[in-house]
Amino acid sequence: MNSRRDFLQKITAAAIAFHLPSYGSASVGEFYKTSYDGPVLRVAIMGLGSYGTRVAEAMQACKMAKLTGVISGTPSKIKDWQSKYNIPDANCYDYTNFDKIKDNPDIDAVYVITPNALHHDQVIRVAKAGKHVICEKPMAINAREGQEMIDACNKAKVKLLVGYRMHFEPKTLEIIRMRKEGEMGKVLFFQGLCGFRIGDPTQWRLNKQLAGGGSMMDIGIYAINGSRYMVGEEPIWVTAQETKTNPEKFKEGVDETIQFQFGFPGGAVASCLSTYNMSNLDRFFLDAEKGFAELLPSTGYGPIRGKTHKGELTQPHITHQTVQMEEMSGIILGGKQPIVPVDGEEALKDLKIIDAIYLAVKTGKKVDLKL
Ligand code: NDP
């Protein structure tokens, strides 16, 4: 066992919490101006595509997380990333040999940023190699797969986190704070509208084998997850209806547009829309007895904009992926507790809801949920 790794894993939560400000607070911008000499999470990114590139660039501003390795099926990308990020040959892998990462003392965690349907097997292999896992959303393409991933990480005693970057976004966290502290009163209604017009019909997002579904897997999951953290409860039933205007582009099993509704134990209801066929759809609205909150845009890369019955939200914008990686370093190395969970169990709830939404579409019936 590597002694540096042992050392890092023994760091207490308090040691790291000391360095990290609350991302709901105005002091967060100050954090990046101060020096830091504590432990650093060394991360390999798997899948050097569009989002992997964004994460790598954002990580350059991190103090507590550092890109030290890559896993890719494209040798030319590996070469480019090696020169851009100073990554040695010993930390470069492809999809056939990355199990050897087990023996690499320079990598603490692997961030899986590949097409959705590949996450399950890749995460399980990373866990078996004894490394912590960060996995992009959706964690898997159904709840059964998600549970298997959680079990594999538990068995290997590694952490499994999912790339829910909005869970660290300051304006989002301010609304959650207001709701928790009773400033809004009883929550009555949530609306989540999430979608965009998808282009190239040949991309993996429109291939069920790789995407596991359609817009719901990719963008609708923000409305599902958002309804849970905005309302602050788990839904107990779901109804859903699908509209498909272009069956040529959106083939069997690839949803184009789905409207869905949730009921919550406290009596609140939610009405949401997930689509690959409408532009500029990125809005959350929360209505409560004593006030309201709106985020518009609500889940894009930001800046997020928002207001409540008390006025405009003014919390600072910081690159989402930078904050996420700093916080995840604190969670993995220091046992820090995020305000909204980002672990496998949290992601599994979204997958159970996605399974229920697809079932409700298929049967036309209300589906009960037990999360
Ligand atoms: P891209 O298509 O841009 O990149 C995916 C990468 O995965 C490819 O470039 C490739 O990298 C690798 N890959 C491995 N096997 C395959 C395969 N069979 N087909 C295609 N690519 C393959 O996708 P994104 O980066 O946009 O999305 C990746 C994941 O990130 C998805 O799960 C998505 O939901 C998530 N995502 C999350 C976002 C967020 O805000 N949290 C935003 C965007 C995406 P290589 O050549 O290196 O092997």
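The values are calculated or read from the model by the stated rules, or taken from the named source; none is laboratory data. Please read all numbers here as calculations on a predicted model, not as lab measurements. All Cβ positions, even for glycine, are placed from backbone atoms using ideal geometry, and neighbour counts span all protein chains on display. Protein only, heavy atoms only, side chains kept; ligands, DNA and RNA dropped before computing areas. Shrake-Rupley method; radii C 1.70, N 1.55, O 1.52, S 1.80 Å.
Say we look at segment 282-300 and pick out the residues that are part of a loop (DSSP other than H, G, I, E, B) and in contact (Cβ under 8 Å) with a residue 60 or more places away in the chain; which of these is nearest to Thr322 (Cα to Cα)? By that ranking, first place goes to Thr299.
Against the test of being touching a residue at least 40 places away in the same chain (Cβ under 8 Å) and open to solvent by less than 60 Å² (accessible area, probe 1.4 Å), the options Gly263, Gly306 yield a single qualifying residue, Gly306.
Taken residue by residue, segment 162-176 has at least one member that is closer than 16 Å to Val123 by Cα and touching a residue at least 12 places away in the same chain (Cβ under 8 Å).
Residues that are at pLDDT below 95 and loosely packed, with under 15 Cβ neighbours inside 10 Å number at least 2 in the following helices (runs of 4 or more DSSP H) confined to segment 18-108: 28-31. Of everything listed in (1) touching an Asp or Glu at 6+ places or on another chain (Cβ under 6 Å); (2) within 24 Å of Glu346 (Cα to Cα); (3) within 16 Å of the ligand (Cβ to nearest atom), the single unmet condition for Gly226 is (1).
The number of residues in segment 125-151 being open to solvent by 30 Å² or more (accessible area, probe 1.4 Å) and of a type in the set (Val, Ile, Thr) comes to 1. Collect the residues in segment 319-339 that are within 15 Å of the ligand (Cβ to nearest atom) and open to solvent by 30 Å² or more (accessible area, probe 1.4 Å), keeping them in residue-number order. The one that is within 15 Å of the ligand (Cβ to nearest atom) and open to solvent by 30 Å² or more (accessible area, probe 1.4 Å): Thr319.
Selection within segment 152-170: residues that are within 19 Å of the chain's Cα centre (by Cα), more than 16 Å from the ligand (Cβ to nearest atom) and open to solvent by 10 Å² or more (accessible area, probe 1.4 Å). The member of this set that is farthest from Tyr229 (Cα to Cα) is Val158. I need every pair where a residue in segment 69-98 that is more than 17 Å from Arg54 (Cα to Cα) and assigned by TED's automatic domain parsing to the domain that holds Ala44 has its Cβ under 8 Å from the Cβ of a residue that is open to solvent by 70 Å² or more (accessible area, probe 1.4 Å) and within 8 Å of the ligand (Cβ to nearest atom), sequence separation at least 6 or different chains. Sorted first by the residue in segment 69-98, then by its partner, the pairs are Gly73/Tyr95.
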